[in-house]
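Notes to accompany the following structure.
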Amino acid sequence: MTDALFVVSEEGYWAEECIEPLTTLEAEGVDVTVATPSGSPPVVDERSLDPDAAGGEERVAELREVDEEHPGLNDPEPIAQVAADGYDAVVFPGGHGTVWDVNQDRHARQLLLDAVAGEAGVALVVCHAVGILAFTREADGTPLVEGRSVTGFPNAWEADIVDDDDVMPDGRKLPYWVEDEVVLAGADWDAELDADTSVTVDGDLITARGPGSSADAAETLLEEL
């Protein structure tokens, strides 16, 4: 049995970026465990369930059904109580919520480090969750992402969401922009803005740009597994 751990935000995960990989893996027989920072059920970002964002009312209904009924999403593990070596893959779905919890959580960062260490594991990091790479360091202090090729949520898209003071439509202040922080940590960043989708593989690290790349990211992860 192949096992995957999904580390999902309690502050707002993007439905497509979590549910598309989750259901794709499960359809291929992968056993999925969900974990959140505190062990409370993750919260879906309602913006991701807007028909225009999700691809129509029918798709919204599918996503909402999984969010409301999936056993793992409704009864997750605390991330401090899970270990990456128990899984073949660790997946970090995106959503703005990750900038306030998952990306800043030391246990989440350790899961990422452990997932890409050695030969056995692989990590998939999507959209805003790519920001975790800016804060994840090896034991000697070297940023995990230094010199690695990655994609993620680009500044060009962020500028269309926040106002001049980096305040989001829901009134929350965005503490950092993913592209800025990951580049400062030494990544070789290319969000491939001219491409319809963007998924980058660098060793055991897979990164994906955003919601529209979720399906490609899921297929890429399956190929790596």
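The values are calculated or read from the model by the stated rules, or taken from the named source; none is laboratory data. Please read these numbers as outputs of a predicted model, since none were measured by experiment. Positions of Cβ are backbone-derived with ideal geometry, glycine not excepted, and every protein chain shown enters the neighbour counts. Heavy atoms of the whole protein, side chains included, go into the accessibility calculation; ligands, DNA and RNA do not. Shrake-Rupley method; radii C 1.70, N 1.55, O 1.52, S 1.80 Å.
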Query - Extreme residue, positive dipole direction of the chain, given options Leu133, Tyr13, Ala54 (C-beta unit charges) - result: Leu133
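On the protein heavy atoms, probe 1.4 angstrom, tell me the percent of accessible surface of the range 3-224 carried by carbon and sulfur.
Details: 3930 of 9340 Å².
Carbon and sulfur together cover 42 percent of it.
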Report task. Give the accessible surface of the range 114-225 per residue, rounded to a whole number of Å², with probe radius 1.4 Å and ligands, DNA and RNA excluded. Result -> 45 Å²
Report task. Post the alpha-carbon centroid distance, the range 185-225 to the range 1-61, in whole angstrom. Result -> 17 Å
Query raised in the report: What ³J(HN,Hα) values, in whole Hz, does the Karplus curve 6.51 cos²θ - 1.76 cosθ + 1.60 give for the range 182-194 when θ = phi - 60°, with x put for Gly and Pro?
Result: 5, 5, 4, 7, x, 6, 8, 8, 8, 7, 6, 5, 8
Query raised in the report: Under a 1.4 angstrom probe, counting protein chains only, how are Ile161, Ile206 ranked by accessible area, largest first?
Result: Ile161, Ile206
Query raised in the report: With every protein chain left in place, what is the accessible area of Phe135 in Å² (1.4 Å probe, nearest 10)?
Result: 60 Å²
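In cubic angstrom, how much convex hull volume per residue do the alpha carbon atoms of the range 18-144 span? Each step should come with its number before you reach the end.
Values: hull volume 13.5 nm³, N = 127.
Spread over its residues, the Cα hull of the range 18-144 gives 106 Å³ apiece.
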Report task. For the range 132-225, just say rounded, prolate or oblate: build the C-alpha gyration tensor, square-root its eigenvalues into a ≥ b ≥ c, call rounded for a/c under 1.5, and beyond that prolate if a/b exceeds b/c, oblate if not. Result -> oblate
**Report entry** Most to least accessible of Glu179, Glu17 (protein chains only, probe 1.4 Å)
**Finding:** Glu179, Glu17
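When a/c reaches 1.5 or more, the comparison of a/b and b/c decides; with that in mind, is the range 43-94 rounded, prolate or oblate per its Cα gyration tensor?
prolate
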Requested in this report: For the range 91-103, take each phi angle, set θ = phi - 60°, evaluate the Karplus expression 6.51 cos²θ - 1.76 cosθ + 1.60, and give the result in whole Hz per residue in order, putting x for glycine and proline.
Outcome: 10, 10, x, x, x, 4, x, 4, 5, 9, 10, 4, 5
Report task. Take every DSSP beta bridge whose two residues both sit in the range 64-212, then give the antiparallel share in percent to the nearest 5. Result -> 40 percent
Query - Rounded if a/c under 1.5, otherwise prolate or oblate - the range 1-67, Cα gyration tensor axes - result: oblate
Requested in this report: Treating each Cα of the chain as an identical point scatterer and ignoring solvent, apply the Debye formula and state log10 I(q)/I(0) at q = 0.15, 0.17, 0.18 Å⁻¹.
Outcome: -0.92, -1.22, -1.40
